[in-house]
Amino acid sequence: MATQLTAFEAKSVELFVDAAGVLGVPKSIAMIYGVLFGSAHALSFNDLVEKLGISKGSVSQGVRVLREMGAIRPVGKSGKGQGDASAVEGLDDPKPLPRSDATTPQRRITSLTPSAGGTLYEPVVELRILLSRIIADKVQPHLKASAGAINELKGLLPGAESEAAVLDNRLRHLRSWQKRSQDLLPLLKSILR
C-alpha cells in the first residue's frame, strides 16, 4: 500500500516527470528525484517504494542511475526508531559528492523518516555539481568516442565520387560540431567552479 504523498511532494514529482519527458529521462527516475526533492527528510529505498507505489526493481534501477549521475547522495542510514538521531551512521558512499563550497556545513540528519532501516538519500540540488558530473561522466567520454567514430566513418565513404563528396561534406560539419563542443567544455567547467 502506497504512503500518501504530501501536496508538495506530489507537485514536485509532477514537475520533474514533466521535465523528464522533455529530456527523454524515464518517468520512474524523475519520480524518485521528484519525491526526494519534495521531501523535507531524507528517504530510504523502502520509503521510495511505498511513497511512489512503483516496483522495487524500478526504484533500485532509478536510485542507481541517479547516484551515478550525481543527482542524489546517500546521507546515512536510518535506525529502527523514528526521530532517533543517534541511529544515523556515517556516509556509506566511498566517493561522496563535494558540497557547494568549503563554507557549507556538513549536515547531519536530526529527524528521520519512518522507515525500517537502510540507506537514506537526499537530492543534490546544486546545479553546478550536477552539470559538472554530467560533463565529466557523460559528455567528455562521448566526445572522445565520437572522434574515433568520425574517423571510422571517413574510412567508410562510398567509392562513387559524387556520393563521397556529399557525405565527406557532412563529416566536416560533424567534425566541426565535435571540435566546438570539446573547445566549449573547459569554459563550461570554469564557469561551474
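The values are calculated or read from the model by the stated rules, or taken from the named source; none is laboratory data. Because the structure is a prediction, the values reported are computed rather than measured. Cβ coordinates were reconstructed from backbone atoms using ideal geometry, including for glycine residues, and neighbour counts include every protein chain displayed. Note: accessible area is taken over every heavy atom of the protein model, side chains too, but ligands, DNA and RNA are not part of it. Shrake-Rupley method; radii C 1.70, N 1.55, O 1.52, S 1.80 Å.
Odds and ends about this structure:
- Of all accessible heavy-atom area on the range 123-175, the percent that carbon and sulfur account for (1.4 Å): 61
- Ordering 11-24, 35-48 by mean Cβ neighbour count within 10 Å, with the highest value first, yields 35-48, 11-24.
- Apportionment of accessible area to carbon and sulfur, the range 1-67, percent (1.4 Å): 61
- Mean-position separation - Cα centroids, the range 135-167 and the range 1-71, in angstrom: 37
- Extension gain, LEU184 back to THR6 (0.36 nm per residue minus Cα-Cα distance, nm): 59.9 nm
- Less than 5 angstrom separates the built amide H of GLY76 from those of ASP92, LEU120, all sequence-distant by 5 or more or on a different chain.
- Database remark: amide H of SER44 closer than 5 angstrom to the amide H of TYR121 (H placed geometrically; neighbours at sequence offset of 5 or more, or on other chains; Pro and chain starts carry no H).
- Annotation for ALA149 and HIS173: the two label points, set 7 Å from Cα along the Cα-Cβ direction, are 1.7 nm apart.
- Computed from the Cβ-Cβ distance with R0 of 22 Å, the FRET efficiency linking ARG193 to ALA40 stands at 0.15.
- Straight Cα distances below 27 angstrom link LYS154 to the lysines LYS138, LYS144, LYS179, with same-chain residues fewer than 8 positions distant left out.
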